[in-house]
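These notes concern the structure reproduced below.
We did not get these values from a lab; they are worked out from the coordinates using the rules stated. Please read all numbers here as calculations on a predicted model, not as lab measurements. So basically every Cβ, Gly included, is an ideal-geometry build from the backbone, and we count neighbours across all protein chains shown.
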Amino acid sequence: MIENSHADGAGTDLASAVPADLDAVVAVHAEARATYYRGHLPDAAYAGPEELARSRAGWASAIGAGRVLRARDADGTLVGVAAYGEREGVMNLTQLHVAPSRWRGGVGTALHAACVAAWRAAGVPAARLEVFAPNTRAQAFYAAHGWRPDPETPRAGDHLVLRLTLAPEAAAE
């Protein structure tokens, strides 16, 4: 469902991740997670060797299944990733991470827009995600992009559950 490479207005190249991207994807994921888990969870829970190995295996599987979108800057550096897939009949945005040095530069918005476009093209009516409750920066990002608390399941452990209702794109006039 993820389409091939294109550049957004900010010069970010978006494309499906390939196995050669795995190391960079894992690095961006680990760096971003550390910013919101540090101080809330023990380091081993997000940065320990077992967790990093589990994370790497998960990303390798998702990349192999074609469910990961990556963003590169003009220099070719991988600066963001998004992953999604259907679970229990509902589309889930399972990951969206941007290198902290690139926050507020449009990378997350470009990745989000690409996901939403793919979902709309596939006729997906709604999507859900889970966001770590103390991660207020991410919550503000998602709220600004139309995500609201899931009325059926507002929490999953230490994560808030958000839902995005996708209206069909307006027909071109």
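Computed from backbone phi, the HN-Hα couplings of region 64-77 come to x, 7, x, 10, 10, 10, 10, 10, 10, 7, 4, 8, x, 6 Hz, rounded to whole numbers (Karplus: 6.51 cos²θ - 1.76 cosθ + 1.60, θ = phi - 60°; Gly and Pro given as x). Relative to the globular-protein estimate of 2.2 N^0.38 Å, the Cα radius of gyration of region 6-165 stands at 0.99. Among Glu31, Glu130, the ranking by other beta carbons within 10 Å of each residue's beta carbon, starting with the fewest, stands as Glu31, Glu130.
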